[in-house]
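The structure appears right after this line, and notes come after that.
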Amino acid sequence: MTVFPKRGFKIHLKPAEELVPTTDWFEFLNNIAAKVFEEAEVVLREGGYKYHDIDFWRELVFMTLNHLSVEAAGDELDDLLYARVHHGRGRKPAKKRIMGKIARFTRLAPNESQVDDFLRELGKDLRETLADRILKATVDLALEEGLIGGAVEVIVDYHNKYFYGKDVFPTNPFITGVNHGPGTNKARKFCALMLSSGRTWLFFGVFLTQQGKEKAPDVAAAVDKLRQWGFTITRVMGDREFSIYDVAGRLNQLGIQYPGSIKKSPRVKEIVDAYLAGECRPIVPFALKQSATT
């Protein structure tokens, strides 16, 4: 039996694993930050500051790609940088210790208030286009490094962020009802988008959905944005909730296939049984009905 030992912090790959192309995602993150910084053409933190512009842009990129708050992004990035400086020995030890002693560490990433100050100084135009600039730099860099090609598939999916506050629908249209939530029946529902090209899946953004509001315009806007950036969309795929007339019809107008799954109708098991009994053909036509407001 062949043994693949692990020594220190270096992972020894199997021969088959060594054939799989890999990329250092942290280096990729830094390259995105450098690209956005260069294209923004704004310098706010030069000599004399503890953190420079690239430190803030890296944190903003980390925040956007992970869909985090400014505070959470700063803390997580600080832990990550600490682990890399200490050669992967893990997160920082707990701050509170026995006998009330507190271990202090030099922060390696800007904190929330520092990032807020940086954002204010960027100006309104840069702040409003920040997410698009970061996502555009991400896909451009992935294209330059050969991680993705010019033809991509778009995958859309819903996710719930459970909500425990007092805000409810219709006062807040972004709070929706859910079943079987952990201690709550409320959540913010958002749609995440991924690009699929070759062996790479790349995060491409997220948007909140409103109860009773059509999702098709937001999906179509994301697809149109990719087209404006020079990509060819081969198809769009989603889960059962997206398999509605509005989405399929809008994408059909754009000349894009939508091979999505259908909820409960038609019942696949009944069709399979009918086909095996010789009662129907192997391909069964099914029509999606539009809503009254479409």
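The values are calculated or read from the model by the stated rules, or taken from the named source; none is laboratory data. Values in this document were obtained by computation on a predicted structure and should not be read as measured data. Neighbour counts are summed over all protein chains in view; Cβ atoms, including those assigned to glycine, are modelled from backbone coordinates with ideal geometry.
What's the total number of residues in the stretch 137-154 that are surrounded by 15 or more Cβ atoms within 10 Å (Cβ to Cβ) and more than 12 Å from Leu202 (Cα to Cα)?
Residues of the stretch 137-154 surrounded by 15 or more Cβ atoms within 10 Å (Cβ to Cβ): 137-143, 147-148, 152-154.
Within this subset, residues satisfying the condition of being more than 12 Å from Leu202 (Cα to Cα) are 137.
Number of matching residues: 1.
Of the residues making up the stretch 43-68, those that are in contact (Cβ under 8 Å) with a residue 12 or more places away in the chain and in a loop (DSSP other than H, G, I, E, B) are Leu44, Arg45, Tyr51, His67.
Being of a type in the set (A, V, I, L, M, F, W, C), assigned to a helix (DSSP H, G or I) and in contact (Cβ under 8 Å) with a residue 24 or more places away in the chain is a condition met by at least one residue of the stretch 142-155.
State all residues of the stretch 113-135 that are polar (S, T, N, Q) and closer than 16 Å to Ile54 by Cβ; if no residue qualifies, say none.
Passing the criteria: only Gln114.
Every residue, every condition in (1) without any contact (Cβ under 8 Å) to a residue 12 or more places away in the chain; (2) surrounded by 12 or more Cβ atoms within 10 Å (Cβ to Cβ), yes or no:
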| position | (1), (2) |
| --- | --- |
| Ala222 | no, yes |
| Gln228 | yes, no |
| Glu241 | no, yes |
| Tyr258 | no, yes |
| Val268 | yes, yes |
| Pro282 | yes, no |
| Phe286 | no, no |
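Highlighted here are the strands (runs of 3 or more DSSP E) found entirely within the stretch 172-279 that include at least 2 residues which are of a type in the set (A, V, I, L, M) and within 24 Å of Asn66 (Cα to Cα): 186-197, 200-208, 232-238.
Residue-by-condition table, conditions (1) within 19 Å of Phe190 (Cα to Cα); (2) in contact with a helix residue (DSSP H, G or I) (Cβ under 7 Å, 6 or more places away or on another chain); (3) of a type outside the set (D, E, K, R); (4) assigned by TED's automatic domain parsing to the domain that holds Val36:
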| residue | (1), (2), (3), (4) |
| --- | --- |
| Phe118 | no, yes, yes, yes |
| Gly123 | no, no, yes, yes |
| Ala137 | no, yes, yes, no |
| Ala142 | no, no, yes, no |
| Val154 | yes, yes, yes, no |
| His159 | yes, no, yes, no |
| Phe163 | yes, no, yes, no |
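Within the stretch 116-134, which residues are within 17 Å of Asn30 (Cβ to Cβ) and of a type outside the set (D, E, K, R)?
Initially, the stretch 116-134 is screened for residues within 17 Å of Asn30 (Cβ to Cβ), giving 133-134.
The answer is Ile134, and nothing else.
This table checks each residue for (1) out of contact with any Ser or Thr (no Cβ under 8 Å at 6 or more places or on another chain); (2) at pLDDT 90 or above; (3) surrounded by fewer than 21 Cβ atoms within 10 Å (Cβ to Cβ); (4) over 19 Å from Glu128 (Cα atoms).
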| position | (1), (2), (3), (4) |
| --- | --- |
| Glu38 | yes, yes, yes, no |
| Glu41 | yes, no, yes, no |
| Glu46 | yes, no, yes, yes |
| Lys50 | yes, no, yes, yes |
| Asp53 | yes, yes, yes, no |
| Glu59 | yes, yes, no, no |
| Thr64 | yes, no, no, no |
| Ser69 | yes, no, yes, no |
| Gly74 | yes, yes, no, yes |
